[in-house]
Amino acid sequence: MCDERFVSLVRCPSYEAQAVRDALENLLLPYGMLDFVKPDMKVAVKANLVAMMRPEQAATTHPALLCALTDMLRERGATVTIGDSPGGLFTPVFVERIYAAAGMKEAEAHGATLNQNFETAQAVFPEAVSAQTFEYTAWLKEADVIINFCKLKSHGMMGMSACAKNMFGAVPGTTKMEYHYRFPDAMKFANMIVDLDEYFKPVLSIADAVVGMEGNGPTAGKPKAMSALIASRSPHAADIVCASIIGIDPLSVPTIRAAADRGLVCADIKSIDCSAPVGEFAVKDFSVVSARTDLTMGANLKGPIGKIVKGFLHKTLEVRPKLQPKECIGCGKCARICPARAITMNADRKPVIDRNVCIKCFCCQEFCEKGAMKAHRSALLKLIQRSNN
Ligand code: SF4
Ligand code: SF4
């Protein structure tokens, strides 16, 4: 098995079944075509099934890839369970609708079981940096190994959602909102996600970047053809390649920064042993939500003046959720899910955000089905980012 600095990167031109099978075989060739999978092994495939969205909306792991992976695992005699806990309720009825919308029934026809265990379990993880105890979806503990299969997307809070972030789906349904509140700071939140990656230790992390999502991700952005599949034993090494492909500084992604600070990965793309030149896969015009400049901006400023300047920089340069009133239908979902209770609905049935209470978790942006809540960058931040590009 390749070491954790190795990343397999291959072309996959479409979701046509044979193209996907060929690409997946190329991708997994360095991993002995899954030769670590033994007969009767129970494999959990942790997909990204974030919301009730169709495959062509590019928010969820594409079923064609899950079908091909299921075939390959079953050819080795494994049993395959595919699952995830979406952003809403973690209940049979709700998740069943998501399976149907996301095309998971196709994977079921290929012999995978769609997870039906909706129990939760408590983890105690003393080595964690943020989450020494946490709640998780119990189906993951039934598996002998976990394969983490994400979708590469832009992300309001984290800049990018890929392999590391995908394991946040191990936290059950609405408990995710509580965790946003429990870890309101971007780095604490990122460390919590890295803790989940370390606890579950997926044997392989794969990113579906055949068609990813750009813009107002992770649910309201636009599909973006990228024709790539990425795999690694390390979710962080895979994410460094993902970030490089979509043109963002890996260290601006909080989970990569957290993993680098913890010595789990070197964030320099040159340190990654990649099977193909990353530059050849670069998507030049990928529209990102934002590079999280607020993570480093003013970090070295000390004393009372430093505090004031830092406060100003954060206020002026921080990315924040902003309503596009014309797209809002006044459903109130954002107000109901806001973990900080920062949103109230006004007399016109439009959400109003209390900026002093908002923790910038971007749940309102992530779960607005109309895409009416956008991750907003100030004019000054846009100018700085443009001059950095
Ligand atoms: S912003 Fe979205 S979730 Fe919030 S009320 Fe408007 S449409 Fe509903
Ligand atoms: S307003 Fe949006 S970003 Fe702010 S705390 Fe509420 S859900 Fe999170």
What tally of residues in segment 156-170 results from selecting those that are surrounded by fewer than 24 Cβ atoms within 10 Å (Cβ to Cβ) and touching a residue at least 60 places away in the same chain (Cβ under 8 Å)?
0
Starting from segment 122-137, keep only residues that are within 12 Å of Thr175 (Cβ to Cβ), then list their pairs with residues that are among the charged types (D, E, K, R) and loosely packed, with under 12 Cβ neighbours inside 10 Å whose Cβ atoms are within a distance under 9 Å, requiring at least 6 positions of separation or different chains.
Thr137/Glu119
Take Lys382 and decide whether it is at pLDDT below 90, charged (D, E, K, R) and either away from ligand 2 (no atom under 11 Å from the Cβ) or outside any helix (DSSP H, G or I) (or both).
yes
Every residue in segment 317-356 that is within 7 Å of ligand 2 (Cβ to nearest atom) and assigned to a loop (DSSP other than H, G, I, E, B), please.
Cys338, Pro339, Ala340, Ala342
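Hey, any hits in segment 86-98 for a residue that's assigned to a strand (DSSP E or B) and surrounded by fewer than 22 Cβ atoms within 10 Å (Cβ to Cβ)?
No, every residue in segment 86-98 fails to be assigned to a strand (DSSP E or B) and surrounded by fewer than 22 Cβ atoms within 10 Å (Cβ to Cβ).
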Filter segment 171-202 for residues that are more than 18 Å from Ala51 (Cα to Cα), touching a strand residue (DSSP E or B) at 6+ places or on another chain (Cβ under 7 Å) and crowded, with 19+ Cβ neighbours inside 10 Å and give the result.
Phe200, Pro202
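Lys310 - would you say it is surrounded by 15 or more Cβ atoms within 10 Å (Cβ to Cβ), at pLDDT below 90, more than 18 Å from Gly215 (Cα to Cα) and among the basic types (Lys, Arg)?
So Lys310 passes the test.
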As an exercise: evaluate Ile147 against (1) crowded, with 18+ Cβ neighbours inside 10 Å; (2) over 30 Å from Ala282 (Cβ atoms); (3) β-branched (Val, Ile, Thr) and give the number of the one condition it does not meet.
(2)
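Residue-by-condition table, conditions (1) basic (Lys, Arg); (2) assigned to a strand (DSSP E or B); (3) outside the structural domain of Gly87 (by TED's automatic domain parsing):
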| position | (1), (2), (3) |
| --- | --- |
| Leu196 | no, no, no |
| Tyr199 | no, no, no |
| Ala209 | no, yes, no |
| Met213 | no, yes, no |
| Ala243 | no, no, no |
| Ile256 | no, no, no |
| Ala259 | no, no, no |
| Val288 | no, no, yes |
Let me spell it out: the conditions are (1) at pLDDT 95 or above; (2) closer than 25 Å to Val278 by Cα; (3) within 12 Å of the chain's Cα centre (by Cα), and Gly217 meets all of them except one. Which number is the exception?
(1)
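The values are calculated or read from the model by the stated rules, or taken from the named source; none is laboratory data. Keep in mind it's a predicted model, so treat the numbers as computed, not measured. Glycine gets a Cβ as well: all are built from the backbone with ideal geometry, and neighbour counts include every protein chain shown.
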